Amino acid sequence: MSIISNIGPALADKFRKLVFLEHRPESGEVFLKQRRVFTLPSKAGWMFVLLLLLLFISSTNYNLNLGFALTFVLAGCACINAFLGFRNLAYLHLLAGPAAPVFAGEEAQFTLHLINRRQHYRYALHVGFAAPGHTEQAVDIAPDSRCTLQLSHPTLQRGMMAIPRVRLQTWFPLGLLRAWSTWLPDAQVLVYPQPEAFAPPLPVTGVAGKEGQGHSGDDEDFSGVRAYQSGDPLKHLAWKHIARIDLDAGGSLITKQFSGGSASDILLDFGSLPANLDLELRLSRMTSWVIAADASGLAYAFKLGALHLDAASNEPHRLACLRALALHQLPSPEAGV
Amino acid sequence: MKPSNLPGFSLSGWQRHWKNRPLARDKADTLLLLTACLLVLLPHLAVFAWWVNAGSLSLMLWRGWLTFSGRRLPRAWVLIPVALTLMAGIYLTYHTFLGREAGVAMLALLLSCKLLEMHAKRDLYIVIFLSFFLLLTSFFYSQSIASAALALLAVLALLTAQLSFQYTGAVPSLWKRIKLGLTILGMAIPLTLIAFFLFPRIQGPLWGLPGDANAGRSGLSDSMSPGNISKLALSEEIAFRVKLSGATPAKSELYWRGIVLNRYDGRTWSHEDDAKPAASTSDLISNGDVLRQEIILEPSGQTWLFALDMPDAAPQLEGMLSGINSQREMNSAQPINNRIRYQANSHGQYRLQSTLTAQALLPSLRLPASYNPQTLRYAAKLRQGISDERQIVNEVLQFFRRENFSYTLEPPLLGVNGIDDFLFGSRAGFCEHYASAFVVLMRASGIPARVVTGYQGGAINNVDGYLEIRQSDAHAWAEVWLSGIGWLRVDPTAAVAPERIQKNLGSTQNSRGLAGLVNLAMSNDSWFGSAIRSANMRWSALNNSWNLWVLNYNQARQFDLMRTLGLSEFDWAQLSLIFFLLSATVMSLLALPFMLNRPQISALDRLYLSLCQKLANQGYPRQAHEAPYSYGQRLRTSLPDTQYAPIHRFLSAYSAAKYGKNVQSEASTVKHLKILLAQCR
């Protein structure tokens, strides 16, 4: 039993690959040539076939020659419907746009362009991911124009997530047949680890001792802000900064720092995290720290395995850190496919 | 009924909108569907019981009102009792659910109820498919050209409704959707023609037809009591059409033999079933040429076949046995419920059964004893005075001519002794009165005689050359048996109203009202009259070819067609093969424009190329190496400024769209370039 259930999907997969030409991801603009568009009767179509049979038998029984004519007209219409349905989908150009990175658990948004270079209007194309449970979007494309749509897919794991197979289908014009095609664009989205929800405060290195005895009361000596640590006096909280960051997204309270204390650089060192913690949890914590550090506006250095990044607090730095976290100890995307 | 495009509708499901707030588009689609259903029900309305019409129409009105006012569809507990009541009504009216009429009425009510219970897309298909089936059932009543046209219109409406529900976002105007429906229908026509003529047919019926399958047909019956034929004579329905291979005989010779009525009970003439099959050809001795006829008989629901007097053999029917008996009546083994075609040979000059025994003639002498004493006395008087049978016949015909007999479709009612009343009282009647009075007189004077019913006359259609015999040509005449001669046709009506035999009935009767006016116009030799006459003939000829090629087309005709196409030895498998090959060819021809993958030239490039073509025609072809800019530079030097300016505008717009950052949508750029291109000369 288990062997069959194991072989079944594999065989089905092979079959799909063979018949429906489901190959490796395609890059660039994809052209839906006729070999890629399939048509089969829909449920209503099968009902229609039954109707035609009934009409034919009734016409034969009652010798209704106009009944035969009606049967054949309707059968002819079904044939024409197949052509029109095919035309509605075939020879469409498809192009996948770039996808913005997201944190695991968020929805990745894939941008797709459908380009109609033909002279006819394409109506009621349903576009969505081929996997079950996805809602499809219905679009119309005017002649010589394009339509851009976004498909969202939930992300669960960090790393490079390839876009799932996209299915385009249409029941136009009579709903009796379904014309469909699938497309696996060569598009990926970078998924950062999910930030830890209640991460410990940012680790501040080296000079923590000085801080306690510093001129904590003097506003004139204000030198910057750092993440809140337990024991910081409430009046030193940097409310203006706090108002700008999102506590729910892993941000933390921020304390004003005053000169006298040394310029405490933040070092986010993966190695300093307890080794007995789960790898993913450590990565999550690092991620939330990167977010917090970036939100605080402080420069932070970053260490992850062999990767050492000097302290900085700009956007490229943040993206480099997050990317490193996302891909840490994962096979490189090029080798993966 | 113009639907409006509503933004925001595009992404959401059809069903949700149907249930929640009906939008303008749903309203328009629903009204379109209602119209289509109404078109489908239209031919049925004349047939259904009045309450079925009222029921389905009010259900559809209800649906229309709900749609207009944007209310919810009724809940099940409202709809189910309504439906059950209607079903009960069907049972009370027809006492069954299974008969043809009951079944069709039930389907119609079901359709009307279903219109009020549409929640998902599936329900839409049920409504539309049910409508298609009801279209088929409408052909039970009529398969005329008009009903075919109405059905085609209904199919178009249903297709348009069906495709209207498929749009998810942009919805084109009603006219555009109708055009799409027309395109589908138009492209389906070639396939339909091929399938109609070549799809292998099986001769029906496949199972027993319900008893009411062929109700309500008119034609001669196998008995004749006063008023039978005069009722028929009011019908302009075609009884049969004939193509004569030789010259058409004079109208007074066109007697289409039908049923022999030999038994008389004093009131009704009826047919004798115990007639023997026709003896060998010696029974009928032909003295003249053979008249070959091809006859297309309309369904009568009876078994009688007609041919010119006197047919010599039973015609060959397709898929049915036929026979001819000693009285030269021809019939088929089964009732004729479909139009049939057959060939018959007749003899204008003949001797029929010239040597019959007295025993065999006895049935043709029988008269009920207690009826018509006056007639019997008159016959006895005749018999006493004259010995020659022929003279007696002539004397009776003279009597009809001499006395003040008149010919009318509306004779006064006759009493128990009908022949007495007619001969010596009213003296006004129709062919049935004359024929029966004549035969009674003959029998009373000892001459074997019988009534023959059939048709007399017919009008040639100038358009297709077919002789058309209508129910109004129904006629009754007499046959007397004279020794040495056999059965001889005698038409007493001709003695009274010879114009009835020589012309059509229409000209002997003065129609009243509008029909009279039309008749007046037709009888005049005015331009108007002849125009109407020729239009009539054209219409009739069209109907005839419709009958021949559409309604009468069957398995045998299919094989005939194949034979005329030069395929003599023919079987079912070959026919299927030809059908599939031909339809595959036509399908690929139809599909070619869709499947053909032409080189992809974008609309922008197409416009650019057409500009280049335009300039090449003027003698400034673009060189292969030239880009739009360099081409433009060259043109600037060789063309006058006024001519160059629009070209420059076009080229820069094209370059911007093609090579620059495309800010505008392609469609609007194309529109813009088209305008610019038109300015270039």
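The values are calculated or read from the model by the stated rules, or taken from the named source; none is laboratory data. A quick note: this is a predicted structure, and the numbers were derived from the prediction, not measured. All Cβ positions, glycine included, derive from the backbone under ideal geometry; neighbour counts span all protein chains shown. The protein model used for the area step is the full one, side chains on, heavy atoms only, and it has no ligands, DNA or RNA in it. Shrake-Rupley method; radii C 1.70, N 1.55, O 1.52, S 1.80 Å.
Using r as the Cβ-Cβ distance of A:Arg323 and A:Leu40, and R0 as 45 Å, what FRET efficiency do you calculate, to the nearest 0.05? Once rounded, the FRET efficiency stands at 0.55.
For the stretch B:539-573, the list of chymotrypsin sites (Phe, Trp or Tyr not before Pro) that fall in a loop by DSSP and count at most 16 other C-beta atoms within 10 angstrom reads B:Phe570.
Using mean Cβ contacts within 10 Å as the protection proxy, how do B:418-426, B:155-163, A:51-59 order, highest first?
Answer by packing, highest mean first, reads B:155-163, B:418-426, A:51-59.
With each label modelled as a point 7 angstrom along the Cα→C-beta vector, the B:Ser286-B:Val416 pair spans 5.0 nm. Expressed as a whole number of Å, what is the distance separating the alpha-carbon centroids of the stretch B:571-646 and the stretch A:108-149? So the two Cα centres are separated by 27 Å. For A:Tyr121, no residue whose modelled amide H falls within less than 5 Å of its own remains once neighbours fewer than 5 places apart on the same chain are excluded.
A straight chain from B:Ser652 to B:Leu182 at 0.36 nm per residue would run longer than the Cα-Cα distance by 165.0 nm.
Toward the positive end of the charge dipole of the stretch B:25-171, with +1 on the Cβ of Lys and Arg and -1 on the Cβ of Asp and Glu, the farthest Cα among B:Ser142, B:Ala54, B:Leu92 is that of B:Ala54. Residues in the stretch A:318-326 carry Karplus couplings, in order, of 4, 5, 4, 4, 5, 4, 4, 5, 5 Hz; the curve used is 6.51 cos²θ - 1.76 cosθ + 1.60 with θ = phi - 60°, and Gly or Pro positions show x. With the simple spin-label model, which puts each label point 7 Å out from Cα in the Cβ direction, the B:Leu174 to A:Thr111 separation comes to 4.2 nm.
Loop by DSSP (not H, G, I, E, B), at most 13 other beta-carbon atoms within 10 Å: where is the longest site-free stretch of chain B for GluC sites (Glu not before Pro)? That gives B:1-235 as the longest site-free run.
Taking amide hydrogens as placed 1.01 Å from N in the peptide plane, the amide H of B:Leu254 sits under 5 Å from those of B:Gly457, each at least 5 positions away in sequence or on another chain. Anything over 22 Å Cα to Cα? Flag those among A:Lys33/B:Lys614; B:Lys614/B:Lys658; B:Lys114/B:Lys179; A:Lys43/B:Lys121; B:Lys27/B:Lys114, in the order listed. Check vs 22 Å cut-off fails for A:Lys33/B:Lys614; B:Lys114/B:Lys179. Based on the Cβ-Cβ distance of B:Arg75 and B:Gln555, what FRET efficiency does E = 1/(1 + (r/R0)^6) give at R0 = 51 Å, to the nearest 0.05? My answer for the efficiency is 0.50. For the stretch A:266-327, DSSP calls about 50 percent of its internal beta bridges antiparallel. With a 1.4 angstrom probe, the accessible area lost at the B-A interface totals about 5600 Å².
Each residue of the stretch A:28-45 was assigned a 3J(HN,Hα) from its phi angle through the Karplus curve 6.51 cos²θ - 1.76 cosθ + 1.60 (θ = phi - 60°); the sequence is x, 6, 9, 10, 7, 6, 4, 5, 9, 9, 10, 10, 9, x, 7, 4, 4, x Hz, with glycine and proline shown as x. For chain B, a simple Cβ point-charge model (Lys and Arg +1, Asp and Glu -1, everything else neutral) yields a dipole of about 3800 debye relative to the Cα centre.
Going by a 1.4 Å probe on protein heavy atoms, which residues of the stretch A:71-87 end up with at least 50 Å² less accessible surface in the whole assembly than in their chain alone? The answer is A:Phe72, A:Val73, A:Cys77, A:Ile80, A:Phe83, A:Leu84 - residues whose exposure falls by at least 50 Å² when every protein chain is included.
Note down the relative contact order for the stretch B:25-171 as a percent, whole number, built from C-alpha pairs under 8 angstrom at least six residues apart. Don't skip to the end; give the middle numbers.
Numbers: 111 pairs, mean separation 55.3, N = 147.
With pairs under 8 Å counted, the relative contact order is 38 percent.
With contacts taken as Cα pairs under 8 Å at a separation of at least 6 residues, the stretch A:266-327 carries a relative contact order of 37 percent. The phi-based Karplus calculation (6.51 cos²θ - 1.76 cosθ + 1.60; θ = phi - 60°) puts the 3J(HN,Hα) values of the stretch B:613-629 at 4, 4, 6, 5, 5, 8, x, 10, x, 6, 6, 4, 8, 7, 8, x, 5 Hz, whole numbers, x for Gly and Pro.
Remark: spin-label model distance B:Ser370-B:Glu272 equals 2.4 nm, labels positioned 7 Å along the Cα→Cβ axis. Considering only alpha-carbon pairs that sit under 8 angstrom and 6 or more positions apart, the relative contact order computed for chain B is 12 percent. Solvent exposure of the stretch B:74-206 amounts to 38 Å² per residue of accessible area, where only protein heavy atoms count and the probe is 1.4 Å.
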